[in-house]
Amino acid sequence: MSVTSVLSRFPPAVGEQPPAARRIVTQELISSYANASGDHNPIHLDPTYARKAGLPSTIAHGLLTLGMACALIENWAAETAWTSRVSCRFSAPVPVGDELTCSAVVTAASADSAQLDLMAVISNGDRPLSRARVELRPL
Amino acid sequence: MPFNLNCEGRSYQAAPEVLDRRRHAQYALAVGAAQGLGDHFVHPLACFAAVYLLWPVVPQLFSDPEVGLDVEHLLHGEQEFSFERPLGFEETITPEGVISRAERRRGMIFLEFQCSGRDEAEEVAARSRSLFVVREAG
């Protein structure tokens, strides 16, 4: 395993990793994503509504978590590759105020494509994404 | 209104969406891909498809009385985006969505929703597959 700041040639090596990213998921961040995406589901924005739904607080959009994790790869590979596929299962909520850490690793690579596994973890060890994968193709 | 298990095949159209660079900049800032609104991107981020492909049609699904989804108990279970080619800014994509699977298992409803986005040449350039799960009351 080796961390490289930028993917400078395609394909990457199996085991190569973009730098991990860590971010506090504030209500301001969730609200910014709601405005940018158009998803104003109150479970993400209204603490009273979220509590009625059985949650301790508002939670991040699943697509915000996935977007943050994918951004890590896309920033790393921007000069050499484009993303042809992204997939995941949303397996745990990300409560407001929690810290989200995202990382990725190249699991397969050929001249035509590369596969990366995405990992995301919050403070209590829960993993909000599972079976999360990204496929890159060379530019 | 109870959920309609016979809703497979129901489809939804939305107006064409321009992959607007300014809107993308706001999105990129929100997901931490950019430090500022002026950051340069060659191609839109993959999950920006939530904005131009998925979200234009999902509200129609959620509010469709012929489907009867209980959105208060709805969870986003899975998501996939795929692309035929790298998309460019200021391209126009026309999204449409279809319910590809609806079933009840173990007191939950599983609804698979597939979207496709056609470019100006009427070719499918982007696809989305979502799995929504609804916990049934009681």
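A few remarks follow.
- In chain B, the longest principal axis of the Cα atoms and the axis of helix B:21-30 are about 70 degrees apart.
- Computed from the C-beta positions of B:Arg118 and A:Ser31, the FRET efficiency with R₀ = 45 Å rounds to 0.90.
- For q = 0.16, 0.23 Å⁻¹, Debye-computed log10 I/I(0) when each Cα of region B:11-135 counts as one equal scatterer: -0.80, -1.28
- Using alpha-carbon coordinates, inclination of helix A:62-77 to the longest axis of chain A, degrees: 30
- When the protein assembly as shown is reduced to its Cα atoms, the Kirkwood hydrodynamic radius in Å: 19.1
- Cβ charges +1 (Lys, Arg) and -1 (Asp, Glu), total dipole of the protein assembly as shown, debye: 720
- Quotient of the Cα radius of gyration of chain A and 2.2 N^0.38 Å, N being its number of residues: 1.11.
- Between helix A:27-37 and chain A: long-axis angle, C-alpha atoms, 0 to 90°, nearest 10: 70
- Cβ-to-Cβ counts within 10 Å put A:Trp76, B:Trp55 in ascending order as B:Trp55, A:Trp76, the fewest first.
- Counting beta carbons within 10 Å around each of A:Leu116, B:Leu37, B:Leu74 and listing the fewest first gives the order B:Leu37, B:Leu74, A:Leu116.
- Packing-based exposure ordering (other Cβ within 10 Å, fewest first) of B:Asp119, B:Asp39: B:Asp39, B:Asp119
- The local environment of A:Arg22, defined by Cβ-Cβ distances under 12 Å, has a net charge of -1 under the rule Lys, Arg +1 and Asp, Glu -1.
- Centroid-to-centroid separation of region B:1-73 and region B:105-127 [C-alpha atoms, Å]: 11
- Spin-label model distance (nm) - A:Val3 vs A:Asp117, 7 Å beyond Cα toward Cβ: 1.9
Rule-based calculations on the coordinates, nothing more; no lab input. Note that the coordinates shown come from a computational prediction; the quantities given were computed from them, not determined experimentally. Backbone-built Cβ (ideal geometry, glycine too); neighbour counts: all protein chains shown.
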